[in-house]
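What follows is one structure encoded as structure tokens, with my remarks underneath.
The values are calculated or read from the model by the stated rules, or taken from the named source; none is laboratory data. It should be emphasised that the depicted structure is a prediction, and the values quoted were computed from it without experimental measurement. Here Cβ is always computed from backbone atoms with ideal geometry, including for glycine, and neighbour counts include all displayed protein chains. The accessibility values were calculated without ligands, DNA or RNA, using every heavy atom of the protein model including side chains. Shrake-Rupley method; radii C 1.70, N 1.55, O 1.52, S 1.80 Å.
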Amino acid sequence: MKKIFLLFLLVLLVFLPAGSPGAETGGERILEVVSLVRVDSDGTLHITEEITVLVAGQQIRRGIYRDFPTIYPTEDGGRYVVGFDVKEVLRNGNPEPYSVEKLENGSRVRIGDADVLLNHGVHTYTIKFTTDRQLGFFEDVTELYWNIHGTDWAFAADRVTWILELPQEIPRSQLEVTGYTGFQGQQGTDWTYNIDTQGRLVMTTTRQLHPREGFTAVVQWPAGYILDPGNTVKYWFRDNWDGFITMVVLLLLLLWYVPTWKRYGRNPRVGTVFPRFEPPEGYSPAAIRYINRMAYDNKVFAAAILNLAVKGFLMIEETGRNRFTLKKNDSETRPLEDDEQLIGGRLLGSRESLVLENSQHRIVGGAIDAHRQHMIKAYKGSHFLTNRGKVIFPLVLSVLAVLASGFIYSPDAAVVNVMILLVFAAWLAAGIGFILTVHKRWKETPVFTNLMLLLVVSVAALAGTVLLFSVVVSLVVPLVLWGYTGVMLVNIAFWY
């Protein structure tokens, strides 16, 4: 008897259905969607959506959200932005709190009060909004391609109805109606349509839609009844607002940089040039190099050490392979400049000798830091100006412009824009710095190294040229990228 009972359970498990649509959401589902679309003679769409849901406190606890794509890529690499303006949101006929969030490709209407849990049962949400630029204008027909019920819904939908109200002058007998049901990419035909007594097109699904299944309608009518608004100035700004911002910032940067460079950036006129075999009186060789480069480097430190040896303050002995020792010289020493006295005292002081090796890095590093600070205090500002402070404002303005241009469409896009800009700017700046360094050190570097560097630079330049040429020829660069490129180049050019 026990075996017969177990066999019965096994057969029952095998033949039981795997589950009905909505089982994975705790029974919650969409009971009905009714979407009314009224098309004005200027192409504006007025939409009223009624979404009736069964709430069981599983996934639907405080409300629902509805995503609307508003940004579409174009063939020329730009974007096509449709309007989206929410007029009213109701729940069971009463006003309901909502917020509109920006997504990467559109907007999300989040409906509900975060502090209020919904009662279990049936709730009907009504969303009223307007949109434009949704119609396709072709030579012989005008088309409306409308995604009635998207494939991102996590709930089954028992019934979806779409009602299209066109201007009366459009002949209903010349409507071409097509629709698709199913998962993404499928072209199911589980729908039917008719023209009601008010002359409206009514399309309805003929079966329950599973989670992630959608319903799309395509309706065409003869051209000429609704005029194509074209790409007006308003629409151009909507599509290219981020590019417009970057172009304005580019103009502001030029207006800032050019007069600033004329006033602070140009070096004074060069007088008569003649060779000197001694540093000018009161200046050490280290000071001359620091002033000439307007920056401190290892050769400034090395010049100070060598001149201390030349003046007899110390001796440099090679005590091993790439191992040097500084020894204090007791013989008469020529007068030292202030920076030479500083570095000599830091390195030797009460010591008789100092081995230049890693174990002495604190002493040597401390001497270098003190020498650097002395040079900055003695010569920076009085003998040269780097004017680095003059680029803070334009750099901050550039970053804010990139943030603003991305935030227009999505906060995530703003962050991505800045990251791309910084990476590209760093790569470009590093490339320019690399080329300048190679140019300056060409004579100091072995021939083989120079040839390898030249090869790397040539290949990189060729690859960049080919990429730029392909981009320009194919015309796939939106205005905002031209703006970003201009902003980066102007900042880098005036920085150098």
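Being farther than 20 Å from LEU54 by Cα and charged (D, E, K, R) is a property that does not hold for ARG159. Being aliphatic (A, V, I, L, M) and open to solvent by 50 Å² or more (accessible area, probe 1.4 Å) is true of ILE195. For GLU213, state whether it is loosely packed, with under 12 Cβ neighbours inside 10 Å and in contact with a strand residue (DSSP E or B) (Cβ under 8 Å, 6 or more places away or on another chain). Criteria not met by GLU213.
Just one of (1) in contact with a strand residue (DSSP E or B) (Cβ under 6 Å, 6 or more places away or on another chain); (2) part of a loop (DSSP other than H, G, I, E, B) fails for ARG207. It is (1). Across segment 303-328, the number of residues qualifying as assigned to a loop (DSSP other than H, G, I, E, B) and of a type in the set (Lys, Arg) comes to 2. Taking the criterion of being closer than 23 Å to GLU281 by Cα, of a type outside the set (A, V, I, L, M, F, W, C) and assigned to a helix (DSSP H, G or I), the residues of segment 329-386 that qualify are ASP338, ASP339, GLU340, GLN341, GLY344, GLY345, HIS371, ARG372, GLN373, HIS374, LYS377, TYR379. The residue that is nearest to SER173 (Cα to Cα), counting only those in segment 222-249 that are part of a helix (DSSP H, G or I), open to solvent by less than 30 Å² (accessible area, probe 1.4 Å) and of a type outside the set (Phe, Trp, Tyr), is ASP239. Of the residues making up segment 120-154, just one is among the hydroxyl-bearing types (Ser, Thr, Tyr) and part of a loop (DSSP other than H, G, I, E, B), namely THR151.
Can you spot a residue in segment 193-200 that is small (Gly, Ala, Ser) and at positive phi? Yes, that holds for at least one residue.
For segment 31-103, the strands (runs of 3 or more DSSP E) that sit wholly inside it and include 2 or more residues that are surrounded by fewer than 17 Cβ atoms within 10 Å (Cβ to Cβ) and modelled with pLDDT of 90 or more are 45-55, 63-69, 85-91, 98-102. Restricting to segment 104-119, give me the number of residues that are assigned to a loop (DSSP other than H, G, I, E, B) and closer than 21 Å to GLY136 by Cβ. Total satisfying the criteria: 1. The set of residues in segment 250-288 being open to solvent by 40 Å² or more (accessible area, probe 1.4 Å), assigned to a helix (DSSP H, G or I) and touching a residue at least 40 places away in the same chain (Cβ under 8 Å) consists of LEU252, LEU254, TRP256, TRP261, TYR264. Residues in segment 75-131 that are small (Gly, Ala, Ser) and touching a residue at least 40 places away in the same chain (Cβ under 8 Å): GLY77, GLY78, GLY83, SER107, GLY112, ALA114, GLY121. The residues of segment 172-182 that are open to solvent by 90 Å² or more (accessible area, probe 1.4 Å) and either under 13 Å from ILE148 (Cα atoms) or in contact (Cβ under 8 Å) with a residue 24 or more places away in the chain (or both), listed by number, are GLN174, GLU176. May I ask you to verify whether VAL300 is open to solvent by less than 40 Å² (accessible area, probe 1.4 Å), under 30 Å from GLU75 (Cβ atoms) and assigned to a helix (DSSP H, G or I)? Answer is no for this residue.
Conditions tested, residue by residue: (1) touching a Lys or Arg at 6+ places or on another chain (Cβ under 8 Å); (2) open to solvent by less than 50 Å² (accessible area, probe 1.4 Å); (3) modelled with pLDDT of 80 or more; (4) farther than 21 Å from PHE301 by Cα.
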| residue | (1), (2), (3), (4) |
| --- | --- |
| MET315 | yes, no, yes, no |
| GLU340 | yes, yes, yes, no |
| SER350 | no, no, yes, no |
| LEU356 | yes, no, yes, no |
| SER359 | no, no, yes, no |
| ASP369 | no, no, yes, no |
| ARG372 | no, no, yes, no |
| LYS377 | no, no, yes, no |
| VAL402 | no, yes, no, yes |
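Hey, any hits in segment 155-171 for a residue that's open to solvent by 50 Å² or more (accessible area, probe 1.4 Å) and not in a loop (DSSP other than H, G, I, E, B)? Yes: segment 155-171 contains one or more residues that are open to solvent by 50 Å² or more (accessible area, probe 1.4 Å) and not in a loop (DSSP other than H, G, I, E, B).
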